1. Return the Rg/Rh ratio of region 425-483 with Cα-based radii and a Kirkwood Rh.
2. How big is D, in µm² s⁻¹, for region 106-159 by Stokes-Einstein at 20 °C and 1.002 mPa s if Rh is the Kirkwood radius over C-alpha pairs?
3. In Å, what Rg and Dmax follow from the Cα atoms of region 374-483?
4. Go through region 246-339 and name the trypsin sites (Lys or Arg not before Pro) that are in a DSSP coil and have 12 or fewer other Cβ atoms within 10 Å of their Cβ.
5. With only alpha-carbon atoms in the gyration tensor, what are the semi-axes of the equivalent ellipsoid for region 334-387, in Å, largest first?
6. Positive end of the charge dipole of region 202-342 (Lys, Arg +1 and Asp, Glu -1 on Cβ, about the Cα centre): tell me which of Gly283, Phe254, Tyr336 has its Cα farthest that way.
7. Which value in Å is the Kirkwood Rh of region 286-348 over different Cα pairs?
Amino acid sequence: MWDTGLLPRPPPPAGGSIPVPTQHRCHRQPRVIVAPCLSPLIVLALLILAVPHAVGSTVTAADLADGDATAAGSAAASTATDPGDVPVLQRVVITGNTSTATAVILREIAVAPGDPVPEDMVDPIWDHLEDIGYFAFVDIEYDEYEPGQVILHVAVEEDNTFRYGPVIRYSVRDHYHLGGWIRDDNLGGRGEVLTARAIVLRTQQLRIDWMKPWLFSVRGLELRLGGGYEQGYYVWRPTDYRQWRGDGELYWNFLGPFFAAAEVSFRGFEQRDTFVWQPMDRGPGTGDQLVTWPASTRHVWIHGGSVGFDTRDNPYYPRHGVYGVIRGLHHEPREYAPFNEWVGDARAFIPTPWEHVLALWAWGRWVSGPGPFEDYLYFGGPENLRGYRFFEFEGEHGYLLSIEYRAPLFQMPISPQGEMIGFGLHAFADAGDTWFDGASSGEAKKDFGVGAHVLLGTMQLRFEVARTGDGDTRFQFMDRFNF
């Protein structure tokens, strides 16, 4: 239910329990929940401090000692195996950067004095500086001023990295969201990302997120902090609610497509109305007496971590690649019993003839004990079991399986980050089930159908007709793919 989709990760589906991949890096998520008192943040920090020099991915203060216009990037070890007659870099001279720190540009260039730098390396460096979004213009001069000795002259023209706009999004739960957002992709010229979003209709939300790349000067290591507030009608239960939370995450893309993360958050949830509800099916002895849920406020610390990999070529419309993550969380509440949660998520995108794509998704969740209704899974609707009514099934354990055959008819990229415009057709089939702790899974709910999709930047509008095995037919709409 909590929508954090301001940093490069799409928001979770309604119910907040089914992770959706990460955008730009497309990631997220375990930790071994054997000793909950040992924070995974500490473990990840110790690993980071132990290995950065071994993997050759840091920029030290000594590297930058030559001054503002002369210095070193991080690691170009891949080009320094056997220099031979390749010219050696002596200096990098940077001009035109009125707001972006020289050190930020140097780390993106990723070559240091003493590295062999052939002339054909200039184009990849130029492409990268153009694509990071900080500059409106980049020019690089390869100056072999003496045989075997090179100076790189890098001239840049700053671009405006502060953006803002309206939020006009469809919501399965609330019908629509209206508000506004702001974002700065190069905060203070340090390469940090600050985002904020406010929703005024039909719920009220405020969310602020900040991301610092190159933490401890380690390539691929990011610190992510965020917090927010939300209030409205809960929809899945007859009560108004208020929710607030703060989040912290260390994310490390440590080797090629592999990543790890450690996270901690604190959440407060106020159920503002008392209501009566049917008992949850928790196996033998459940009984049929109605249960009263008194108005109350619940607080919980959640900490855990994840490991995974991501080889997808595009976070918005993958044409090939795989994504997999395992996430483990420990919930330590004040008002109810603690429990552990494990989530697995696997996706594959297989190219087929005519540039079509076969997309596969397997997702599952397991918990060690019961929790409150704000942690339930809610299945049915366009984000999971598309042939069924919204909120037709609920539980704590669950799984989903989906297959889609996507046939793009037109696509045009509009940004280096993978955003595009276009349209296409797709066919799909879903299966899944959810059940409460103490009960057992039943027969899988199944559906199949066809649809059309329209790509508009980061949105993927889907218009679908789905049919269940029982013969029920439903039309569904959503503004992003499920996976």
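1. Across region 425-483, the Cα-based Rg/Rh ratio is 1.09.
2. Reported coefficient: 182 µm²/s.
3. Taking only Cα atoms of region 374-483, I get Rg and Dmax of 15.5, 50 Å.
4. Arg334
5. For region 334-387, the ellipsoid semi-axes come out as 34, 14, 6 Å.
6. After comparing all options, I get Phe254.
7. This gives a value of 15.2 Å.
Taken together, the values in this text are just the output of simple stated rules run on the coordinates, not laboratory data. These numbers come from a predicted model, not from an experiment. Positions of Cβ are generated from backbone atoms using ideal geometry, with glycine treated the same way; all protein chains shown enter the neighbour counts.
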